[in-house]
Amino acid sequence: MTDRYCVFGNPIAHSKSPAIHAAFAEQTGEGIDYTAIAAPLDDFPGAWRRFTAEGGRGANVTVPFKEAACRLCDTLSRRAQRAGAVNTLILGGNGQTHGDTTDGVGLVRDLARHGVNLAGARILVLGAGGAVRGVLEPLLTAGPLGVRIANRTAAKAAALAQDFADLGDIEGGGFDDVGKGYDLVINGTSASLAGDLPPLPDDLFAPGATAYDMMYGAEPTVFLRWAAERGALAVDGLGMLVEQAAESFYQWRGRRPDTTPVLEALRRAL
Ligand code: ATR
């Protein structure tokens, strides 16, 4: 029987994950069936239970279920414990559910694809919500000189930095004292969705800096347009999406797909 996987979200109809995993399966010859499922907002554990009862072996989890998925797991990877969120569920042979999060490693691999060297880098992260919490562990363990978190609600950035202070030089605050001369600025706010740009100074970027937006679309986000005008290399989050999927696929199947052709096809279809 074909092994079943899915992505849970709500809404989920426009998810690119089924197409990405179908491409991975074709490329590797792994016979998997991967669908998108809209889980009920008030009963994520029930959706996962039903799926596994019908032969489901694993799942991706997206908005708004990443924290609920984390809570139902019997065991968690260290990076998922740190994130307090899970984007990958794995059903073990013993019937237990293991949770992992692959978003952070997806971001770090996409940055590597674009030639960004994290070791020794001065990094600014905009935002202090779940998306940012999910990527801090791999960013900090890549050996940057320092990570600054800036958020509209400064206290949230300070508290988040505190939670990760054991992993490296990290501090948090508001946008008014954001600093300047960063090698990498990552936008993890949802401001782009509203077409908003956090208030940022013109001298934010060091020469040769990269601006990364975790969001993507057919057109560059407001943040990426603003960054490109100030000389930064502007990169959107489509590569992160493909890389996190590849890491999930590896966790389920033990095979690493070649992400480049899959990313190129997605880019053409945007
Ligand atoms: P996610 O899971 O996507 O991280 P979230 O936890 O709701 O979602 O976090 C959204 C982030 O985007 C927060 O950092 C939020 O700032 P606040 O903590 O001050 O609310 C930020 N954000 C959302 N809209 C924004 C805007 N228009 N300008 C600046 N920051 C914004």
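Some points to look at:
- The ranking of TRP252, TRP226 from fewest to most other beta carbons within 10 Å of each one's beta carbon is TRP226, TRP252.
- Amide H within-cut-off set for ARG152, under 5 Å, with H built and near neighbours excluded: GLY127
- Our coupling estimate for region 81-91, obtained by passing each phi through the Karplus curve with A = 6.51, B = -1.76, C = 1.60 and θ = phi - 60°, is 4, 4, 6, x, 8, 10, 10, 9, 10, 10, 8 Hz, Gly and Pro reported as x.
- Magnitude of the charge dipole, the chain, Cβ model with Lys/Arg +1 and Asp/Glu -1, debye to 20: 360 debye
- The fraction of all Cα pairs in region 104-236 landing in successive 10 Å bins from 0 to the largest distance is 13, 50, 34, 2, given as whole percents.
- Cβ-based net charge around TRP48, under 15 Å, with every Lys or Arg adding one and every Asp or Glu removing one: 0
- Scoring 79-91, 172-184, 147-159 by mean Cβ neighbours within 10 Å over their residues and listing the highest first yields 79-91, 147-159, 172-184.
- Mean-position separation - Cα centroids, region 136-176 and region 10-31, in angstrom: 33 Å
- Helical content alone sets the calculated 222 nm signal of the chain at -11500 deg cm²/dmol, taking -39,500 (n - 2.57) per DSSP H segment of four or more residues and averaging over every residue.
- With the simple spin-label model, which puts each label point 7 Å out from Cα in the Cβ direction, the ARG255 to ALA194 separation comes to 4.4 nm.
- Karplus (6.51, -1.76, 1.60) ³J(HN,Hα), θ = phi - 60°, over region 192-203, in Hz, Gly and Pro reported as x: 4, 4, 8, x, 8, 10, x, x, 10, x, 5, 9
- Subtracting the Cα-Cα distance of LEU145 and ASP43 from their residue separation scaled by 0.36 nm leaves 32.5 nm.
- Positive-end residue, the chain charge dipole about Cα centroid, Cβ charges, pick of HIS14, THR259, THR35: THR35
- Taken one residue at a time, the phi angles of region 264-270 give Karplus couplings (6.51, -1.76, 1.60, θ = phi - 60°) of 4, 5, 5, 4, 4, 8, 4 Hz. Gly and Pro are set to x.
- Annotation: amide H of LEU124 within the under-5 Å range of ARG148, LEU184, VAL185, ILE186, sequence separation 5 or more or interchain, hydrogens built in the peptide plane.
- Relative intensity, log₁₀ I(q)/I(0), of region 25-182 from a Debye sum that treats every alpha carbon as a point, q = 0.09, 0.17 Å⁻¹: -0.36, -1.02
- Annotation: amide H of ALA206 within the under-5 Å range of GLY181, TYR182, ASP183, sequence separation 5 or more or interchain, hydrogens built in the peptide plane.
- By the Stokes-Einstein formula, at 0.692 mPa s and 37 °C, the chain with its Kirkwood radius over alpha-carbon pairs has D equal to 172 µm²/s.
- Sorted ascending by nearby beta carbons within 10 Å, beginning with the fewest, VAL125, VAL135 become VAL135, VAL125.
We did not get these values from a lab; they are worked out from the coordinates using the rules stated. Predicted model, so just to flag it, every value in this text is computed and none were measured. Methodologically, a virtual Cβ is constructed for each residue, glycine included, from the backbone with ideal geometry; neighbour enumeration extends over all protein chains shown.
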